Every structure is written in C-alpha cells, then in structure tokens.
Amino acid sequence: MSSGEITSRILVVDDHPRSRESVAAALRSSGYDVHAAASAVEGLAHLRSAACDIVITDLQMPGMDGLEFIQEIARLGLPTEVLMITAHASIATAVEAMRYGAFDYLEKPFDIERLEQAVARASAHRNVKANREESTGENERTIVGSSPAIEALRKQVTLVGRTEETVLICGESGTGKELVARALHAASSRGDKPMVSLNCPVLSEQLTESELFGHRRGAFTGAEADRVGRFELAQGSTLLLDEITEINLGLQAKLLRVLQERTFEPVGASTSIEADVRVLASTNRDLRGEVERGHFREDLFYRLNVVPIEVPPLRHRREDVPQLVEHFLGQANDRLGGPCRTVAADALDVLVEYDWPGNVRELQNVVTRACVLAERDTIAASLIRPWLGAPAVSDASPTGTAAQQDVTLAEMERQVILATLKRHEGHRARTAEALGIGLRTLSGKLRSYGVAPREKQLQDVA
C-alpha cells in the first residue's frame, strides 16, 4: 500500500492457529491493521466492539462455520467485506458463499501474492461503497418534509434523542418508524456505535428468545455453538425492537425483567450479563387496545411508553409529497443509471391527491417503478395513474380492498424487477444493487417468476 492510503482493518477468523497467524502476519507485514480470532463467535464479539473493513474467514470451523458466520454478518448489517478461505473448494461452495455475501473466495493452498491481491480488491470495493454511503447515506436517512407535522416530529426527535429514555414509536406500516429510530440513535451519545435491530414478527418463540438474549451451546436441540444475542450485540448502543407486539406474553415477561433490572441471561446460561442498552420499540398497532384485549402486558407497555412518538401517515402531510418524490427520484436515478427521470406536473398532482395507504414506503415503490418502466425521461401521469386506480384505502377500509391492492402491488413489483434485470442484461448482482435489495431476495423472487438461475456464471453471484 502507498503511504497515502488509509490502512484497512482486517479480522482473520480460523480455528487453526498456524494458518490463522500466518495469514495475519503476512497482512501485518503489508501494512494492514489485523486482528485474529479463533472462532466465529469470537469474531462476532470483535465486530461488535470494533469497526472492521474486511473479514477473512475459514469455511470449515467447529460450532458456527464460515457460511453461518457470513450469514450472521449479513443479518446484522455489519459494514464489512468478507473473503472466504477453504481447503474444501467447489463451485457449489463458492456460489453459496458469495450468495451469502462473500466478496471473494480463495482455495487453500494459496500464496501471499494471491491473498494480497484479493485483500486489495476487497479493500478497494469497500472504499467505493463507503464513499457512496458518505455521499448518499445521510440523504437516505433524512426525515424528509417541511410540513408542520414533520417539523414537530423532527423537533421531538432532537429533544428525546439526546436522552437515555426508552421510546415507543407508533405509526402505520410504511410511515418510517425505523427511520425515526435511527434518527433518535444518531442524536444520542451512543450514535458513534451501530444501532442493532430485531424484526420481531419473523421468528418463532424459541428463536426470538435466542435472538434477544443469545444462547449457550447445548441449550436446546440444534444449539451446536454459543450465539451472541441482540442485547449483547447492542452493549453501549441502541436496540430497536421492531413490531414489538409480535413477541408473545412469555417473552414479554422476560423482556420486562431486562428493562427493570438491566440484566439478562442467555438461554442455557447460569450467570447474568449487564445490559447497557437503550431500548427503542416500534409498533403499527394500537398498543393500549392490545393491552385491553390481553395480548400485551400492561406493565411492559408502561415500561416501553416512557416517551411515545407518533409518526404521522402520509395522507396527513400531503404537502410533503413533492419533496419526497424529488428525494426518491434522486435515489432511483443514482441506482439505476442511464437517463435521469423527472416527474411531469400532472403526474405530481396525481401523487399528491392519492391517499397512500402504504404511506411513504408505497410512494417510494411507485417512484422507483416509474423510473424503471418510463419509456421517456419525463414520467407522465398516464403511466402512474393505473397503479393508483384502486379506491384509496381509508382508515376503516375493509380487508378485501387492502388484499386486492396487495395483489396489484405484487404484480407491479414483478414488472419492476424483470425490467431492471433486462436493463442490466441479466446480471443479478447489479440488478439487486439497483433495486436496493439483497441478492438472495432477488434470486428468490426470480425463481417464483420462473426465471432460471445461471449457476455456472459467477458474475451472477459476484
């Protein structure tokens, strides 16, 4: 590396001491800042406490193996590039590793030159992504709008964010509750560390408990290695519990104990861990109503509802729609490349008049879809009006109307994905990046559309 370059921080994870130390020593001699870990669990603990640009991990390790390690890094949203090293190479393994998020793949035995070349490529790729995030990331995390409702929300976030109080963020689906949570975290004294989040609805009761508190090896069937939970990952930082109402009553009691005593025990452990964590929770339901129906603990509600923040629906701040359209238009143009799209005045009128039952998320989807499918540089009202042709869903809309619209949105999503894939000449990684979704998510959707993968072409997974 030249003297003017910023030193990349590298984590080497390998259960074989000789291999681990030889790789670490070679990279240190090249000027990299290197830390070594003997297991994936130890590696995750390091990533939780220290920023890292590149992770180099072995595939075959006891307990959590390399593929599971990569999945965990991706699931936690840790900003690092991953290089997979293994003596058990195969095309299938390479494809699988890259689908899980690995940047590159090296087969043992390899020489130092190949290692350094792979690290240099990963470092360059990381720098490009970091520069892109620096230039666009703040805009993507900004609460957009200047309506009285948004100005009041922004002021509340500033006041509450700098405290250590627990916050309950309420609002309809798609209003931007996670965005508010990230703004609260950024405004706090913990903002220099990554916020940790858990999407509560996607996991079973046992998995949710393990995700929250972690577990020890052998705690239950399938627990073949220790697992670090979200509370431990969020030490010194902020934990967002997204859609908190989906946690069942038994786990609610355990969560209440953590909030009261500031300690927790991993599943299967006999000792407590102190929880230096600020908790934020979000819900799209009427939590008081859930308490009255016996679906949510009243004592936990009051523990969470120390400072409530209500995120307004988009139909209550229509004056923000033009700013939001411009914001999402810029994002879509940056991702998709090609000619920059603009929105015609009559199209903007249509967008402002619509009720947006899916709120800001639905508006973002419509703007992105229009950028993909527009045949001209200017997006006309005639293009978007059919997408919004279903009756606007009011607060008291019947379930059938919402379900009918979901089907329409799913079809429009299919059109956008296939059109973007065509624009990028079938290259799935570029398509996923342009759409702002994961490669595995894209591959799954394409399979559901009957689009066969090109297994032999590594460009599809690189």
Distance between the stretch 41-73 and the stretch 331-359 - C-alpha centres, whole angstrom: 40 Å
Out of all Cα-Cα pairs in the stretch 228-367, roughly what percent, to the nearest whole number, are more than 25 Å apart? 50 percent
Evaluate the relative contact order of the stretch 230-337 (contact order divided by residue number), counting alpha-carbon pairs under 8 angstrom at least 6 apart; express in whole percent. 28 percent
From the P(r) of the stretch 311-393, could you give the percentage of C-alpha pairs in the tail past 20 Å? 25 percent
Are there trypsin sites (Lys or Arg not before Pro) in the stretch 293-334 that DSSP marks as loop and that have at most 14 other Cβ atoms within 10 Å, and which are they? ARG293
Give the share of C-alpha pairs in each 10 angstrom bin for the stretch 148-312, from 0 to the last occupied bin, in whole percents, shortest bins first. 11, 40, 35, 13, 2, 0
Order of ARG126, ARG262 - criterion: other Cβ atoms within 10 Å of each residue's Cβ, fewest first: ARG262, ARG126
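In what order do THR57, THR166, THR158, THR283 fall by count of nearby beta-carbon atoms within 10 Å, going from fewest to most?
THR158, THR166, THR283, THR57
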Could you list LYS254, LYS445 so that the one with the fewest beta carbons within 10 Å of its beta carbon is first and the one with the most is last? LYS254, LYS445
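Where a number appears in this text, it was derived from the coordinates with a stated rule and is not lab data. For clarity, every value in this text was computed on a predicted model and none was experimentally measured. Virtual Cβ from ideal backbone geometry, glycine too; neighbours counted across all protein chains shown.
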